[in-house]
Amino acid sequence: MFRYTVEEVLRRGTLLFYFIIASIIILILALGIGHPVNDPDAITLFGSPIPRVSEQGFNMIEFLLIQLHSLSIFWIIILGMFGVAGLVPSMLEKGMVDLFLSKPLNRAELLMARAFGAVTGIALNLLYFFVGVWLVFGLKAGVWHWGFLSSMLYVIYAFICFSSVITILGLITRSASISIMLSFIYTIISWGLELREHGLYRLWDNVVYQRFLDTLYYLTPQLNAMLDNSTRVIGKLPMMMNVPDFTFMPFLYSFFPTCFLFGLSIWYFSRQDF
Amino acid sequence: MEALQTLDLTKHYRSGSFTKKNIPALEKVSLSIEQGEIFGLLGPNGAGKTTFVKLILSIVHPTSGSATVLGYPLGQRKLKEYCGYLPENHRYPAFLSAENTLIFFGRLNGLPESTLKEKAHALLETVGLKDWAKVKTKKFSKGMLQRLGLAQALINNPKILFLDEPTDGVDPVGRKEIRDLLLSLKAQGTTIFLNSHLLSEVEMICDRVAILNKGNVVRTGTISELTTQKLAYHIHLSSPLTKEVRERLDQTILPIEYHETSLVVTLHEKPQLNLIIDILRSGGIGIEDMTQQKTSLEDYFIQIMKGENG
Ligand SMILES: Nc1ncnc2c1ncn2[C@@H]1O[C@H](COP(=O)(O)OP(=O)(O)OP(=O)(O)O)[C@@H](O)[C@H]1O
Ligand SMILES: [Mg+2]
């Protein structure tokens, strides 16, 4: 099931799209980055030199990597959602689910193989992009930026947490489109909860309401916080001076809700009649 | 040991997320199926045939009652290892070829990787899809999917095979092939459990049948038990009946169906046949031909359903 799901995910149109975009970006970088003939220490992008440290005093390479990183997580969340949200509902389709459930596998195995197959499919795409960009920067510019490479792991972790939400939504709604919509709403809620002190708190000045938002924040995987933090692994730009430092906390906090959601999914799935 | 035994197996579906309406699908079904027989479960639409099979394979959970397959209680992994299942309206991942579909399901059955490809090809050959091995299943016609489904159900050499409307959508030649296949499986000792409403087919291959109506088993028995109870004779006459002969026949108070130059008489006991013949002969009416009528399973089924529902 696991292997089959990975294959299915990689064949999805949306992820092929991601794959193509990633390839184009890697290709452009590979062609564009080089050293000027006279100075092996400097780096050029399409002929124009990139100073390692700009006049404003920030690391241009890191700036570029952060941009690429943000771009990549934006796409992977959007495309990943479209590519993966249909997987559980499609397994539950009439005529298909009967076949799967009649096999000597218990339902927990079946569901987890599906969920983690999906994550693996996404992870392979991320791996391709991150390693590709990292190699280009390393080989062509001599910048082996380990922070960039390791930030990938945080993105994958964040996607696992996200997939626990997608899985349970797919299981309950049994519909790809509705679960895409709801997971999208979840990403917005996650973002809203992250910024609750500046936004949602102000809507209603009530302690109970505010504590409710706090509870909700800690009860759901903190997708937004995790993605933000994964960016901070790469480096910090001077213009982001007021942004807090990287912290493991959202990753840690998200671990429990993720396990809880997967557990709930398994429990729900095991009780269902098909 | 029985291949399949159920005791008071009951299923009430709960439908509607909020209303939780109770839909009784199966009521205290107790069946016992011997190893090596072909057993047919018959019944009109919505009788609960599919539900019964789904209960056995833990696709739905029983409301009450219990069952064992080859001695294993419901829900055990071992139980499913011995089962093959062809669901109704089955569907396959559209992006896999016929060959890969079989390999995929073989893997889910936990079969060793090395034997899978060979096994898949052998089965595709058996069900007549040899030339379609590399074709994606989304291009398959209904009958071809049905054949693939059958191959899929056989991938793990099941000891007991559950088939839900196996010949649905298959052409007459294909049906014959499937029947022959089932008979050859039976010869190898496979127990076959068949859901169907194609009674003529069931009649041809099943050893025993159970008739299900609204979730209740209304009859069980061998085909011959269910079909030859009636002593009905179709008598062809050389000339039309005269009024006088007809009156005398009516006096016998046997149920008689009159046609232009023939009649169908249903007897209570065999010697009554002589009485009928005497009446006809003495009235000067010759007998051209006489055949004993068997109730077909279909007649029997319709009769039962009328009795049950009317
Ligand atoms: N998942 C379900 N949820 C609720 N009710 C169901 C479900 N599946 C079946 N039923 C109900 O259970 C009853 C029996 O259905 P089942 O599918 O077992 O009948 P069947 O004998 O297989 O019919 P058919 O010959 O049409 O295949 C029907 O009244 C049906 O409406
Ligand atoms: Mg049915």
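All of the numbers you see were taken from the coordinates with simple rules; none came from a lab. What you see is a predicted model, and the numbers here were worked out from it, not measured in a lab. Please note: Cβ atoms are built from the backbone with ideal geometry, for glycine as well, and neighbour counts cover all protein chains shown.
Observations on the model:
- On the principal axes of its alpha carbon atoms, the range B:7-104 extends 41, 39, 28 Å, with the longest extent given first.
- Span-rule helices in chain A, defined as complete DSSP H runs reaching 15 Å or more along the axis (Cα) with Kyte mean at least 1.0: A:13-32, A:60-85, A:107-141, A:146-173, A:176-194
- Of the trypsin sites (Lys or Arg not before Pro) found in the range B:131-222, those in coil by DSSP whose Cβ has at most 10 other Cβ atoms within 10 Å are B:LYS134.
- Of the Cα atoms belonging to chain A, the radius of gyration and Dmax stand at 21.1, 72 Å.
- Residue by residue, the range B:113-121 carries 3J(HN,Hα) couplings of 3, 5, 8, 4, 4, 4, 4, 4, 5 Hz when phi is fed to the Karplus relation 6.51 cos²θ - 1.76 cosθ + 1.60 (θ = phi - 60°); x denotes Gly or Pro.
- When exposed loop sites are taken as chymotrypsin sites (Phe, Trp or Tyr not before Pro) in a DSSP loop with at most 16 other Cβ atoms within 10 Å, the longest stretch of chain B clear of them is B:96-310.
- Placing +1 on the Cβ of every Lys and Arg and -1 on the Cβ of every Asp and Glu, with nothing else charged, gives the protein assembly as shown a dipole about its Cα centre of roughly 720 debye.
- Cβ-defined net charge surrounding A:GLN222, 11 Å radius [Lys, Arg +1; Asp, Glu -1]: -2
- Magnitude of the charge dipole, the range B:230-292, Cβ model with Lys/Arg +1 and Asp/Glu -1, debye to 20: 100 debye
- In a DSSP loop and with at most 11 other Cβ atoms within 10 Å, there are no chymotrypsin sites (Phe, Trp or Tyr not before Pro) in the range A:118-185.
- Per-residue ellipticity at 222 nm from helix content only, as computed over the protein assembly as shown with -39500 (n - 2.57) for each DSSP H run of at least four residues, stands at -17000 deg cm²/dmol.
- Placing unit charges on each Cβ (+1 for Lys and Arg, -1 for Asp and Glu) gives chain A a dipole about its Cα centre, and among A:ALA113, A:ALA158, A:TRP134 the Cα reaching farthest toward its positive end belongs to A:ALA113.
- Spin-label model, B:THR222/B:LYS20: points 7 Å from Cα along the beta carbon direction are separated by 4.8 nm.
- Debye-sum result for the range B:230-292 in log10 I(q)/I(0), which assumes one identical scatterer on each alpha carbon, at q = 0.18, 0.24, 0.25, 0.27 Å⁻¹: -0.55, -1.04, -1.15, -1.38
- Selected from B:GLN5, B:THR167, B:GLN152, residue furthest toward positive end of dipole (chain B; charges at beta carbon): B:GLN152
- Table column - 3J(HN,Hα) (Hz), the range B:204-214, Karplus curve with 6.51, -1.76, 1.60, x for Gly and Pro: 6, 10, 7, 7, 9, 9, 10, 10, 10, 9, 6
- Debye log10 I(q)/I(0) at q = 0.09 Å⁻¹ for the protein assembly as shown, Cα point scatterers: -0.85
- Each of B:ASP171, A:ASP273, A:ASP228 has some number of other Cβ atoms within 10 Å of its Cβ, and from fewest to most they run B:ASP171, A:ASP273, A:ASP228.
- Using a cut-off of 27 Å between Cα atoms, the listed pairs B:LYS11/B:LYS139; B:LYS49/B:LYS78; B:LYS28/B:LYS176 include B:LYS11/B:LYS139; B:LYS28/B:LYS176 as exceeding that distance.
- Rounded to the nearest 10 degrees, the angle from helix B:272-282 to the longest Cα principal axis of chain B is 40 degrees.
- Greater than 20 Å apart at Cα, pairs in B:LYS54/B:LYS138; A:LYS103/B:LYS136; B:LYS21/B:LYS306; A:LYS103/B:LYS119; B:LYS80/B:LYS117: B:LYS54/B:LYS138; A:LYS103/B:LYS136; B:LYS21/B:LYS306; B:LYS80/B:LYS117
- In sequence order, calculated HN-Hα J values of the range B:240-257 (Karplus, 6.51, -1.76, 1.60; Hz; x Gly/Pro): x, 5, 8, 4, 5, 4, 4, 4, 5, 5, 4, 5, 6, 6, 8, x, 10, 9
- Alpha carbon centroid spacing (whole Å) that separates the range B:264-297 from the range B:127-144: 53 Å
- Dipole magnitude for chain B: about 1620 debye, using +1 per Lys or Arg Cβ and -1 per Asp or Glu Cβ, origin at the Cα centre.
- Per residue Cα convex hull volume in Å³ - calculated over the range B:133-235: 156 Å³
- The Cα trace of the range B:2-226 gives Rg and Dmax of 17.4, 51 Å, the first to one decimal, the second as a whole number.
- Other residues with beta-carbon under 13 Å from the beta-carbon of B:PRO24 carry, at +1 per Lys or Arg and -1 per Asp or Glu, a net charge of +4.
- Eligible aspartates and glutamates near B:LYS20 by straight Cα distance, threshold 16 Å, same-chain separation 8 or greater: A:ASP273
- For chain B, the longest principal axis of the Cα atoms and the long axis of helix B:172-187 meet at an angle of about 80 degrees.
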